[in-house]
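This report refers to the structure that appears directly beneath it.
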Amino acid sequence: MSSSHEAAPSPDFLAEEVRRYHHFIVLALWLAVVTGAEIVLIFLPIPVAAVLTILTLMSAGKFFAVILWFMHLIYDKSLLFWCFVTGLALAFASFAALLCLFSVDRIDTRWFS
Amino acid sequence: MSDTAAAHEAPTSTGIDHKKLIMWLFLASDCMFFGTLISTHLLYRKLYPAGFTDAEGHQRFIQNLFNIELTSFSTFILLMSSFLMALAVSAMHKGQIKSFRRNVLGVIFFGLIFLGCQVFEFTHFYHQGLTIQNSVLGSTFYVLTGTHGTHVAIGVLWLILMYFYSFTGKLGGHMGALDVEVAGLYWHFVDIVWIIIFTAVYLVEYLGPNGIWGTGLPAVAK
């Protein structure tokens with residue numbers, strides 16, 4: 001951590017921060033509304049597959065909204081975005097691989113003899 | 001990337017501050033860690049849908065155990081703490097140390113409420129008979145949510161230290177703002193992991209009459 005005796009932020013930078021501040025407020029309200037909608041959705045008489053799809057989309061929307069705005073990925077260099085997406089893709093690939101492995105109900109052991 | 005961000009480009013080969021880059025790489029690796037834990041929980045829920053057996057030997061289902069009101073409340077709290085963290089980072093960038101302290105105190109307070117809710121939930125589940133040892137469900141559930149809770153506790157501790165450090169006068173300028181931003185990244189990550197856990201672990205249990213996993217019992221003809 002450094003000394004506080006550094007140059008003051010430029011007016012452009014401060015204007016940008018004020019603009020972001022308003023984005024954060026809008027996003028926080030949006031996140032609260034979507035979370036409320038998710039909770040209402042699970043009690044509605046809608047087919048399970050449809051609810052599951054909508055819940056997945058809503059969660060993905062919230063997830064990416066937080067990483068893009070709150071975590072500044074939309075303002076930062078794209079290298080950071082791709083670093084994170086690589087980890088995310090590997091996590092999702094692990095999930096998909098496990099799902100495929102465990103979806104096999106009975107393994108023919110003759111293959112191994 | 002915006003012009004203002006370009007104006008604050010770090011003097012490194014990537015143009016990104018090393019602390020920030022390392023934090024993003026750590027978060028990417030933590031993504032894989034949580035991805036594995038969530039996958040394990042979901043797969044074992046599918047393979048062992050029957051729930052668990054309590055101390056009296058009764059078969060119990062997790063659908064009857066969850067308290068959606070409490071979980072929704074703690075989710076909301078964590079989302080709002082993320083909002084306050086974004087405001088704290090913004091205040092630090094603007095050099096408003098008092099605003100930073102106010103917002104960080106809010107984040108710490110909300111983080112402690114979240115942890116309190118989790119302790120309450122774990123205690124309730126334990127008294128209902130769900131332990132880490134008596135079922136696969138208990139093992140995967142406690143390991144997943146407990147790991148997340150540990151991340152939240154580390155984040156709270158980090159922010160408490162940062163709050164007190166700000167009174168020394170050494171937390172200022174561009175490097176101080178960077179330190180706060182890195183702590184903020186960690187906190188937001190804890191929030192996005194919970195967004196996934198909330199849907200994948202809690203909400204799916206309420207879909208259909210017995211959750212999407214069923215009860216593991218043979219269907220009874222009507």
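Quick notes on this structure:
- Evaluation of B:T53 against (1) surrounded by fewer than 18 Cβ atoms within 10 Å (Cβ to Cβ); (2) closer than 29 Å to B:K170 by Cβ (one fails), failing number: (2)
Yes/no per residue for (1) in contact with a Phe, Trp or Tyr (Cβ under 8 Å, 6 or more places away or on another chain); (2) outside the structural domain of A:Y21 (by TED's automatic domain parsing); (3) within 19 Å of B:L37 (Cβ to Cβ); (4) touching a residue at least 24 places away in the same chain (Cβ under 8 Å):
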{"site": "A:I54", "(1), (2), (3), (4)": "no, no, no, no"}
{"site": "A:G61", "(1), (2), (3), (4)": "no, no, no, yes"}
{"site": "A:L79", "(1), (2), (3), (4)": "no, yes, no, no"}
{"site": "A:A89", "(1), (2), (3), (4)": "no, yes, yes, no"}
{"site": "A:A93", "(1), (2), (3), (4)": "no, yes, yes, no"}
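- Flag if B:L157 is in contact with a helix residue (DSSP H, G or I) (Cβ under 9 Å, 6 or more places away or on another chain) and not polar (S, T, N, Q): no
- Here the condition is being surrounded by fewer than 17 Cβ atoms within 10 Å (Cβ to Cβ), under 30 Å from A:R19 (Cα atoms) and either touching a residue at least 24 places away in the same chain (Cβ under 8 Å) or not aromatic (F, W, Y) (or both); of B:Q133, B:Q96, it holds for B:Q96 alone.
- Hits in the stretch A:1-25 (condition: surrounded by 14 or more Cβ atoms within 10 Å (Cβ to Cβ) and modelled with pLDDT of 65 or more): A:P9, A:F13, A:L14, A:E16, A:E17, A:R20, A:Y21, A:H23, A:F24
Table: residues versus (1) within 10 Å of another protein chain (Cβ to nearest Cβ); (2) under 22 Å from the mean Cα position of the chain (by Cα); (3) not small (G, A, S).
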residue	(1), (2), (3)
B:L161	no, yes, yes
B:G169	yes, no, no
B:H188	yes, yes, yes
B:D191	yes, yes, yes
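- Of all the numbered requirements in (1) crowded, with 17+ Cβ neighbours inside 10 Å; (2) closer than 30 Å to B:F164 by Cα; (3) within 14 Å of chain A (Cβ to nearest Cβ), B:V104 misses one, and that requirement is (3).
- No other residue among B:L178, B:L144 is in contact with a helix residue (DSSP H, G or I) (Cβ under 7 Å, 6 or more places away or on another chain), more than 7 Å from chain A (Cβ to nearest Cβ) and at pLDDT below 95 apart from B:L178.
- If you go through the stretch A:30-81 and pick out every residue that is of a type outside the set (V, I, T), within 7 Å of chain B (Cβ to nearest Cβ), outside any loop (DSSP other than H, G, I, E, B) and closer than 18 Å to B:V89 by Cβ, you end up with 3.
- Residue list for the stretch B:69-87, filter: over 26 Å from A:I67 (Cβ atoms) and within 10 Å of another protein chain (Cβ to nearest Cβ): B:E69
- Test: B:T40 is at negative phi, surrounded by fewer than 18 Cβ atoms within 10 Å (Cβ to Cβ), part of a helix (DSSP H, G or I) and within 14 Å of chain A (Cβ to nearest Cβ): no
- Within the stretch B:157-197, considering residues that are in contact with an Asp or Glu (Cβ under 8 Å, 6 or more places away or on another chain) and not aliphatic (A, V, I, L, M), the one nearest to A:I42 (Cα to Cα): B:F189
- Looking only at the stretch B:47-68, and only at residues there that are within 12 Å of chain A (Cβ to nearest Cβ) and in a helix (DSSP H, G or I), the one that is modelled with the highest pLDDT: B:I68
- When the stretch A:52-105 is limited to residues that are farther than 18 Å from B:V182 by Cα and at pLDDT below 90, the one that is surrounded by the fewest Cβ atoms within 10 Å (Cβ to Cβ) turns out to be A:D105.
The values are calculated or read from the model by the stated rules, or taken from the named source; none is laboratory data. The model shown is predicted, which means the values in this text are computed figures rather than measured ones. A quick note on method: Cβ atoms are made from the backbone with ideal geometry, for glycine too, and the neighbour counts reach across all protein chains shown.
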